[in-house]
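Reading through the structure tokens given below for one structure.
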Amino acid sequence: MTDSATPQREFAFSRRDFEEIRKMIHEHAGISLSDAKEDMVYSRLARRLRATGRRSFQDYLALIRSGDAAEWEAFVNSLTTNLTDFFREAHHFHILHDFLKTRRERPITIWSSASSTGEEPYSIAMTAVEALGGFNAPVKVLASDLDTNVLRKGREGAYPLERVAKLSEARQRQFFLRGVGDNTGMVKVKPELQTMVDFFRLNLLDPVWSIRQPLDAIFCRNVMIYFDKPTQYAILKKMKPLLKPDGLLFVGHSEALYHATDLFKLRGQTVYEHARSGA
Ligand SMILES: C[S@@+](CC[C@H](N)C(=O)[O-])C[C@H]1O[C@@H](n2cnc3c(N)ncnc32)[C@H](O)[C@@H]1O
């Protein structure tokens with residue numbers, strides 16, 4: 001798309017600008033942006049141009065190229081898609097519940113590897129409390145993401161009331177505090193649940209990950225869709241030795257691992273376990 005095709009745009013944005021942005025985010029985060037994402041990229045980054053007082057994408061990209069660390073972080077945060085929900089793909093949490101009940105080894109560690117704003121790791125922690133009978137469940141949830149904004153929100157654990165409306169009354173009462181005064185219309189995750197979850201930044205594309213402990217389960221859901229197949233395979237290969245021999249890997253509903261059957265085999269309902277040949 002050329003500038004002349006979109007005269008209503010506030011900032012000059014050429015095809016070359018889009019290509020450069022696409023290349024940078026692919027190299028850094030593995031995110032593949034299709035041609036259809038051009039308008040989305042424009043509108044998300046236009047906010048950064050306004051915030052930094054730049055008058056064109058060329059100007060803004062010069063700032064990014066100059067190595068401004070804070071703006072680079074804001075640039076990356078702007079280009080991630082963070083859609084999530086509590087107990088998204090509910091069948092995974094039924095499977096996790098039954099799985100946790102059978103675990104004998106302690107402690108139990110579960111990694112939410114694209115945690116977004118926290119709904120997924122908190123759903124894992126709630127499931128652990130329910131399966132293992134209380135907030136003292138010997139479970140630690142590691143919650144990581146590339147995007148520092150979503151990590152901050154996850155750590156804070158405050159959500160608009162509508163976000164938990166689909167949860168049963170019992171769950172809402174057991175796990176959330178209702179906001180009052182200025183916080184009316186908000187809920188906050190109870191501190192007992194919050195302490196079960198550790199949030200930290202981790203780029204799945206980084207050559208070295210900061211995770212050392214053996215994992216009972218890994219949630220890698222609705223993030224691999226952004227990566228090409230070789231990138232997906234490389235990430236799965238790095239996850240494999242972290243997962244205990246009888247551990248489970250949960251992936252999103254559209255992320256079947258047909259290209260990695262030497263690493264993981266389907267157990268059912270987009271839940272995987274080690275393929276024995278490669279374990
Ligand atoms: C659509 S959300 C999925 C959230 C949650 N897993 C779920 O299924 O509801 C995708 C998340 O992946 C994160 N992400 C994208 N690229 C990443 C990377 N290279 N490393 C780690 N996280 C990444 C994004 O920041 C975003 O929060």
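Just so you know, all these numbers are worked out from the coordinates, no wet-lab data involved. Model, not experiment: these values are computed from the prediction. Don't worry about glycine lacking a Cβ; one is built from the backbone with ideal geometry, like all the others, and counts go over all protein chains shown.
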On the formula 1/(1 + (r/R0)^6), with r taken between the Cβ atoms of Glu162 and Asn183 and R0 of 22 Å, the FRET efficiency rounded to 0.05 is 0.95
Taking r as the C-beta separation of Arg9 and Arg104 and R0 as 51 Å, the FRET efficiency to the nearest 0.05 is 0.25
If exposed means trypsin sites (Lys or Arg not before Pro) lying in a DSSP loop and surrounded by at most 15 other beta carbons within 10 Å, then the longest stretch of the chain lacking such sites spans residues 213-279
Classified through the alpha carbon gyration tensor (a ≥ b ≥ c as square roots of its eigenvalues; rounded if a/c is under 1.5, else prolate when a/b is larger than b/c, else oblate), the chain comes out oblate
Computed about the Cα centre, the charge dipole of the chain from +1 Lys/Arg and -1 Asp/Glu charges at the Cβ has a magnitude in debye, to the nearest 20, of 500
For Lys37, counting only lysines whose alpha-carbon sits under 22 Å away and dropping same-chain residues fewer than eight positions off, the answer is Lys23, Lys229
Any aspartates and glutamates whose Cα falls less than 20 Å from that of Lys238, other than same-chain ones fewer than 8 residues away, would be Glu27, Asp145, Asp206, Asp216, Asp228, Asp246, Glu255, Asp262, Glu273
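With +1 on each Lys and Arg Cβ and -1 on each Asp and Glu Cβ, and nothing else charged, work out how big the dipole of segment 1-129 is about its Cα centre, in Debye to the nearest 20. Mind showing how you got there, number by number?
On the way: 18 positive and 19 negative charges, 36 e Å.
Once rounded to the nearest 20, the dipole reads 180 debye.
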Under the Karplus relation with 6.51, -1.76 and 1.60 and θ = phi - 60°, whole-Hz ³J(HN,Hα) for segment 200-208, x at Gly and Pro, equal 7, 7, 8, 8, 4, 7, 4, x, 10
The chain, Gaussian network, Cα under 10 Å: of Ala36, Ala128, Ala217, the residue fluctuating most is Ala36
Spelling it out for Phe250: with amide H atoms placed in the peptide plane at 1.01 Å from N, the residues 5 or more places away or on another chain with amide H under 5 Å from its amide H are Ile218, Phe219, Cys220, Tyr272
Karplus ³J(HN,Hα) for segment 34-41 (6.51 cos²θ - 1.76 cosθ + 1.60, θ = phi - 60°; Hz, whole; x = Gly/Pro) runs 7, 3, 5, 8, 4, 5, 4, 4
Listing Met40, Met239 by rising number of other beta-carbon atoms within 10 angstrom, fewest first, gives Met40, Met239
Residues Thr127, Thr80, Thr184, Thr195 in order from fewest to most other beta-carbon atoms within 10 Å are Thr184, Thr195, Thr80, Thr127
Once the in-chain neighbours fewer than 8 apart are removed, the lysines whose Cα is under 16 Å from Lys140 read Lys101, Lys190, Lys244
With R₀ set to 25 angstrom, the calculated FRET efficiency between the beta-carbons of Arg212 and Lys265, to the nearest 0.05, is 0.45
